[in-house]
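The next block holds one structure in the form of structure tokens; read it before the comments.
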């Protein structure tokens, strides 16, 4: 493996080089440490995964804001998802003012979609024996709760557990968006609002299936299947 133009003779040496780069290039260190974990397993040095996990967490924390650890609990994110759906439903009451209704609708949609994605990943992780190293604000806009995987538990888990870990997030987001569209369609929202909210599941499906097949959760799930037989 080569890092920064040097030839690295061992996973241990690569790990030391990444440690030295942590303060200067944390984003690079995070990506390289994730790849190094695969090298550690292929060279039968799985014992180094704990150190690699620690390095990844420090690198990720250097560029992302950490959220409360309670968000790792699927029960917490499930409650947030239900609360978001409740806001959406309350916003559809006919007695409310227009500005108030729109505010509740937007808040409800945001909470539901963001928390349901995290709920899917955290539930699948817990059921599959895969742990996490914290929750951070991530995504392109840095507003999405992002679970940092424990690579040690991830690679010790079976193919089935890893596959569903990646796929559970998009699935939870899609089904929660369908629920939102049903709630809005049954409430006293304008027809235009109902049509726009009904488009959300379609947009999510296009994003997750088309775009994520190249880069994202669906892509990772497909890649996991290539590592072994799903049974």
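FYI, it's all coordinate maths here, none of it is from the lab. This one's a predicted model, so the numbers in the text were calculated from it and none came from an experiment. Cβ placement follows ideal geometry from the backbone for every residue including glycine, while neighbour counts extend to all protein chains displayed.
Can you tell me what percent of all Cα-Cα pairs in segment 3-119 are more than 19 Å apart? Present the calculation step by step, with values, prior to reporting the outcome.
Values: 4206 of 6786 pairs.
The share of Cα pairs beyond 19 Å in segment 3-119 comes to 62 percent.
Here the Kirkwood formula, the inverse mean of 1/r across different C-alpha pairs, assigns segment 79-216 a hydrodynamic radius of 15.9 Å.
Given the -39500 (n - 2.57) contribution per DSSP H run of 4+ residues, what per-residue ellipticity at 222 nm results for the chain, rounded to the nearest 500 deg cm²/dmol? Walk me through the numbers on the way to the answer.
Values: 9 runs with 149 residues, N = 231.
Calculated mean residue ellipticity at 222 nm is -21500 deg cm²/dmol.
Only counting other Cβ atoms within 10 Å, I'd like 56, 27, 101 sorted with the fewest neighbours first. Write down the numbers at each step before the final one.
Values: 56 24, 27 12, 101 21.
With the sparsest Cβ surroundings first, the list reads 27, 101, 56.
How high is the FRET efficiency from residue 90 to residue 141, r the C-beta distance, R0 25 Å, rounded to 0.05? The formula returns an efficiency of 0.45 here.
Taking R0 as 30 Å, what FRET efficiency do you get between residue 20 and residue 69 from their Cβ-Cβ distance, rounded to the nearest 0.05? Rounded to the nearest 0.05, the efficiency is 0.55. Each Cα pair of the chain feeds into the Kirkwood radius, which the Stokes-Einstein equation turns, at 20 °C and 1.002 mPa s, into a diffusion coefficient of 111 µm²/s.
Order by neighbour count: 54, 116, 42, 95, fewest other Cβ atoms within 10 Å first, most last.
Listing 54, 116, 42, 95 from fewest to most nearby Cβ atoms yields 95, 42, 54, 116.
According to the square roots a ≥ b ≥ c of the eigenvalues of the Cα gyration tensor, what is the shape class of segment 120-199, taking rounded for a/c under 1.5, prolate for a/b larger than b/c otherwise, and oblate for the remainder? Note, shape of segment 120-199 comes out prolate.
Computed from the C-beta positions of residue 35 and residue 106 and an R0 of 41 Å, the FRET efficiency is 0.55 to the nearest 0.05. Shown here is the pair-distance distribution of segment 1-63: with all Cα-Cα distances grouped in 5 Å bins from zero up to the longest one, the shares run 4, 21, 35, 25, 13, 3, 0 percent. Cβ-to-Cβ counts within 10 Å put 143, 102 in ascending order as 143, 102, the fewest first. For segment 67-225, relative contact order (Cα pairs under 8 Å, six or more residues apart, normalised by length) works out to 23 percent.
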